[in-house]
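Structure first, commentary second.
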């Protein structure tokens, strides 16, 4: 493996290359560009509290505690990759068999133990592409890493996502059987446990949601209430693309309720969403904590959220 120097000049050139692009950058069409972006995302997240979802998968994480990984970018056989080494080169213990689809064999030492994480994103993408899933990068998401003037991050839930109607790009991806692979969240929540049956199970539902949102007058999609309701739909759609929630009728029920609320309002008054209310976070958290509960258990949280939407 050859070491790659990714300095500010390289990042600046990458930023200029990505600016002005809004298309999905597939690993199948632009493997080196997508791989570099993915490695930068992994480098940013690994060991960072509230972002790192990979350390726990190899038995090396404590809640809200920084794990000081060292990283380096590499090239091998034309593939761009990243090496992530834990403190003291500790032996890592994979917590899921699907990590064998993510980690390169170079992650093992001569004794056959895993003491570092070596990932070549294009090779990972090729594996999942063979199963019907097209992985790639969204340029806008990378700007939060590369552009110092960019004041928000698409790697966590935030207000900008809501005000930018992220539900549209989310549905475009899901109905095309595409997913973003640009960080540790994508590995832990989308790729680990992935299976084709789960990918296909919700496809008709994704299409039906897209059809209903497309039927709404664009003039009524420029107000805070719509931004908030559609963002809830986007977050829950992302959940449905995760193995843990493939079969969640609860998610579908709440999405349908949000769509009904959107269709009943149709306000033409323009307004910007100023904050994500507590009721939004409470509703999403309660759904994720109670995956087997009936819809009636969440009716109070859902009604509280809808009430706040009306007040926007």
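The values are calculated or read from the model by the stated rules, or taken from the named source; none is laboratory data. Just so we're clear, the structure is a prediction, and the values are computed from it rather than from any experiment. Cβ placement follows ideal geometry from the backbone for every residue including glycine, while neighbour counts extend to all protein chains displayed.
Things worth noting here:
- Residues (crowded, with 23+ Cβ neighbours inside 10 Å and closer than 20 Å to residue 272 by Cα) located in the range 167-189: 167
- Being crowded, with 17+ Cβ neighbours inside 10 Å and within 26 Å of residue 101 (Cβ to Cβ) is true of residue 202.
- Meets criteria (in the same structural domain as residue 137 (by TED's automatic domain parsing), surrounded by 14 or more Cβ atoms within 10 Å (Cβ to Cβ) and within 24 Å of residue 173 (Cβ to Cβ)) for residue 20: no
- Residue match in the range 138-161 (condition: surrounded by fewer than 18 Cβ atoms within 10 Å (Cβ to Cβ), in contact with a helix residue (DSSP H, G or I) (Cβ under 8 Å, 6 or more places away or on another chain) and at pLDDT 90 or above): no
- Filtering the range 97-117 to residues that are in contact with a strand residue (DSSP E or B) (Cβ under 8 Å, 6 or more places away or on another chain), in contact (Cβ under 8 Å) with a residue 40 or more places away in the chain and either closer than 20 Å to residue 41 by Cα or in a strand (DSSP E or B) (or both) leaves 102, 114, 117.
- Filtered residues of the range 247-260 (kept if modelled with pLDDT under 90 and in contact with a helix residue (DSSP H, G or I) (Cβ under 8 Å, 6 or more places away or on another chain)): 247, 248, 250
- For the range 270-312, a residue qualifies if it is more than 22 Å from the chain's Cα centre (by Cα), in a loop (DSSP other than H, G, I, E, B), surrounded by fewer than 18 Cβ atoms within 10 Å (Cβ to Cβ) and at pLDDT below 80, and the qualifying residues are 270, 271, 272, 292, 293, 294, 311.
- Entirely in the range 201-269, the helices (runs of 4 or more DSSP H) that have 2 or more residues that are closer than 23 Å to residue 179 by Cα and touching a residue at least 60 places away in the same chain (Cβ under 8 Å): 224-240
- Residue within the range 162-179 that is in contact with a strand residue (DSSP E or B) (Cβ under 9 Å, 6 or more places away or on another chain), at pLDDT 90 or above, in a loop (DSSP other than H, G, I, E, B) and outside the structural domain of residue 48 (by TED's automatic domain parsing) present: yes
- Matching entry among 190, 185, 122 (being assigned to a helix (DSSP H, G or I), in contact with a strand residue (DSSP E or B) (Cβ under 6 Å, 6 or more places away or on another chain), within 17 Å of residue 240 (Cβ to Cβ) and not assigned by TED's automatic domain parsing to the domain that holds residue 243): 190
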